[in-house]
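Report on the structure given below.
The numbers here are math on the coordinates, done by the rules we state, and not lab data. Quick caveat: nothing in here was measured; it's all calculated off a predicted structure. Counting neighbours? That spans all protein chains shown, and the Cβs are built from the backbone with ideal geometry, glycine included.
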Amino acid sequence: MASIQLDEVFDYTEKEIAFCNSYVKTNNGTLSAVKAGYSEKNATVIASAMLKKEKITQLDT
């Protein structure tokens, strides 16, 4: 999957797009959350929550 451009997707935050772009490359939710700008302290919880969002899983196809 190619990287997602902000102008292609309007209802996603920059962090959500960054998370998805990283997750596609690494298949690691925690690392992807940190790379997207979320705190290391909460990265595992954020990653779990992100991967449960339907709009996020739709991007990972």
- Cut-off 18 Å (backbone N to label point 7 Å along Cα→Cβ of Leu51), residues of segment 15-37: 16-37
- Message: How much length would be gained if the chain were fully extended between Glu40 and Gln58, taking 0.36 nm per residue of separation minus their Cα-Cα distance, in nm to one decimal?
- Response: 4.0 nm
- Starting from the alpha-carbon convex hull of segment 13-58, give the projected area averaged over all orientations, in nm². 2.6 nm²
- Using a 10 Å cut-off on Cβ atoms, rank the peptides 17-26, 45-54 from the highest mean neighbour count down. 17-26, 45-54
